[in-house]
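To start, the structure itself, in structure tokens.
Taken together, the values in this text are just the output of simple stated rules run on the coordinates, not laboratory data. In this text, all values refer to a predicted model and were calculated from it rather than measured experimentally. Cβ placement follows ideal geometry from the backbone for every residue including glycine, while neighbour counts extend to all protein chains displayed.
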Amino acid sequence: MIYDVRTRGGAVLPNLGLGTWRMGENHSRRKDEIAALELGLDLGMRLIDTAEMYGNGGAEEVVAEAVAGRRDGVVIVSKVLPVNAGYAGTIAAAGRSLKRLRTEWIDLYLLHWPGPHPLEETLRAFEKLRVDGTVRSYGVSNFDLGEMEACELLPGGSGVVANQVLYNLERRGIERSVLPWCAQRDIAVMAYSPLDQARLRTREGLVEVARRHGVTSYQVAIAWTMRHENVVSIPKATRLDHVRELAAAAEIVLSEDDLRLLEGDYPAPTKDLPLETA
Ligand code: NAP
């Protein structure tokens, strides 16, 4: 079931949404991309994840088309590029994103990854954007535990409501510290590339769990990321049959025995690893 993850500071994020990386790059695919996001919205996937980086702004324009006429019901997440993330640069980038998205607000605005500008500046800009109503809430992406801890101590750091990180059956490093640290503070973890960019290897246990539920292995992989109550999973799909499968994955309830089988094939790491990225 798709439910709302409630973060500290009062942000509300549906726990399943759609990503847009690689959208908006090619005009000939635009219609299909819009149709995929529209179908996702029709099927209850009300969160859309985008970024100024994707398609050089093109993905945000695709999102604008898809949400036209139903903006109020949609949670839009976008991201500022680290190179733009000084104080003035962040505010200017948010303004450009608003224009491309054809909206008056961004629900959740993230720093795409740690970059060259002091984080204090980015947070100060995020806070101003929040007070102005340009963004409803803000957060970070690709932040490891040490970066989260340092961020928390800065002015505006306690305003961070989400950390978007790589998470799927084969990339489980965040389970050792980032995930529990965020959960303890009601910070949402947004799982990106939950299908490992369609490179996820389908091992025996995954195939067996899929067979038990009468679904595909990739649907089980999505349900698996959604099993934590503070995780928001954001797969991307442009094929309509894929979008339908992703929406249906929210209905899968994995049993203890299913989870044991998956654990056998895709064990969690036994030592701390540096944060993996796409
Ligand atoms: P992903 O969601 O793991 O995989 C996307 C791929 O899976 C596409 O090729 C898609 O095919 C395929 N797919 C989707 N549903 C499927 C299904 N039911 N069965 C089989 N294949 C299926 O990869 P991702 O795009 O890297 O990650 C998702 C989103 O996370 C991105 O779009 C982006 O919004 C975000 N992200 C954020 C960061 C960051 O640094 N913050 C990094 C990476 C990604 P079709 O497109 O052909 O349907």
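Being free of Cβ contacts under 8 Å to residues at least 40 places away in the same chain and more than 12 Å from the ligand (Cβ to nearest atom) is a description that applies to Ile34.
Evaluate the following for Arg136: is it in a helix (DSSP H, G or I) and either at negative phi or acidic (Asp, Glu) (or both)? It is false that Arg136 is in a helix (DSSP H, G or I) and either at negative phi or acidic (Asp, Glu) (or both). Scanning region 17-31 for residues that are closer than 22 Å to Gly73 by Cα and within 13 Å of the ligand (Cβ to nearest atom) yields a total of 6. Looking only at residues of region 206-222 that are within 30 Å of Met148 (Cα to Cα) and β-branched (Val, Ile, Thr), we find that the one that is nearest to the ligand (Cβ to nearest atom) is Ile222.
The number of residues in region 40-73 being under 15 Å from the mean Cα position of the chain (by Cα) and over 16 Å from Lys236 (Cα atoms) comes to 1. Any chance region 197-205 includes a residue that's more than 8 Å from the ligand (Cβ to nearest atom), basic (Lys, Arg), in contact (Cβ under 8 Å) with a residue 40 or more places away in the chain and surrounded by fewer than 16 Cβ atoms within 10 Å (Cβ to Cβ)? No: region 197-205 contains no residue that is more than 8 Å from the ligand (Cβ to nearest atom), basic (Lys, Arg), in contact (Cβ under 8 Å) with a residue 40 or more places away in the chain and surrounded by fewer than 16 Cβ atoms within 10 Å (Cβ to Cβ). Candidates in region 169-196 are the residues that are within 14 Å of the ligand (Cβ to nearest atom) and farther than 20 Å from Leu108 by Cα; of these, the one that is surrounded by the fewest Cβ atoms within 10 Å (Cβ to Cβ) is Glu170.
Does Trp181 satisfy the condition of being touching a residue at least 24 places away in the same chain (Cβ under 8 Å), hydrophobic (A, V, I, L, M, F, W, C) and under 30 Å from Leu129 (Cα atoms)? So Trp181 passes the test. Looking across region 78-100, just one residue is closer than 10 Å to Glu60 by Cα and assigned to a strand (DSSP E or B), and that is Ser78.
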